[in-house]
Amino acid sequence: MLVVPLARRAVLHLLAGGLSLAALREPAIAESVTGDTARRCITVSDPSKTIVTCRGFGLSSDRLKSGAIESRVGGCAADEACIATSAVRNPTKYGPPWRPVSKLEDADRARAWRAVVAAVTDEPGLKIVEQDDNVPYLRAEAQATIPPDGTDDLEFVLRDEGGVRLLYRSATRQAVFLYPLQCAA
């Protein structure tokens, strides 16, 4: 007997006669379901769960009223485990920017950035995978707690407008949605 795991949406298409078995093995791209291209998500489902894996890291750019372009970390989607300084539309996922406690770091952007890089480097389990000292921007990865085989992305960008402040985003790439078990009576 051949058993092929099917996504719920694929079952509906199959019942409607509009899907071949070859297409069932392809993971759905979030854009095709939600229209969201910025998070670069892939969705894989089986009868018991759906795993959504998103790569929503990277800087976005905003044009200020002065005409200058400012880079910032992304916000948090409603369905992801995330906290960010840019999540102003979702108060439960918002974290305030960090300001240095040391007056030396508060007065010297380069010194403050070196302290951030040193703190990330010294933290067990974090691995710096992208660093641009000109912006300054840093992205690190760590093993997620939930799911245990998942990845957490941590991003930091330093600003120096009216004092040094560190913007950040921390998000788990994988979101696991479990379906309740149903028994036939």
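The values are calculated or read from the model by the stated rules, or taken from the named source; none is laboratory data. Computed from a predicted structure; not experimentally measured. For neighbour counting, all protein chains shown are included, and Cβ atoms are generated from backbone atoms with ideal geometry for every residue, glycine included.
At a glance:
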item: Members of the range 69-101 found to be surrounded by fewer than 12 Cβ atoms within 10 Å (Cβ to Cβ) and small (G, A, S), listed by number; result: A78
item: Considering residues of the range 158-185 that are over 15 Å from the mean Cα position of the chain (by Cα) and within 14 Å of S71 (Cα to Cα) only, the residue modelled with the lowest pLDDT; result: E161
item: Residue match in the range 99-107 (condition: in contact with an Asp or Glu (Cβ under 9 Å, 6 or more places away or on another chain), outside the structural domain of I42 (by TED's automatic domain parsing) and not in a strand (DSSP E or B)); result: yes
item: 1 or more residues in contact with a Phe, Trp or Tyr (Cβ under 9 Å, 6 or more places away or on another chain) and in contact (Cβ under 8 Å) with a residue 24 or more places away in the chain: qualifying strands (runs of 3 or more DSSP E) within the range 131-185; result: 137-143, 151-160, 164-172
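Okay, residues lined up against (1) closer than 19 Å to G56 by Cα; (2) touching a residue at least 40 places away in the same chain (Cβ under 8 Å); (3) of a type in the set (K, R):
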| position | (1), (2), (3) |
| --- | --- |
| R72 | yes, yes, yes |
| T92 | yes, no, no |
| V116 | no, yes, no |
| T121 | no, no, no |
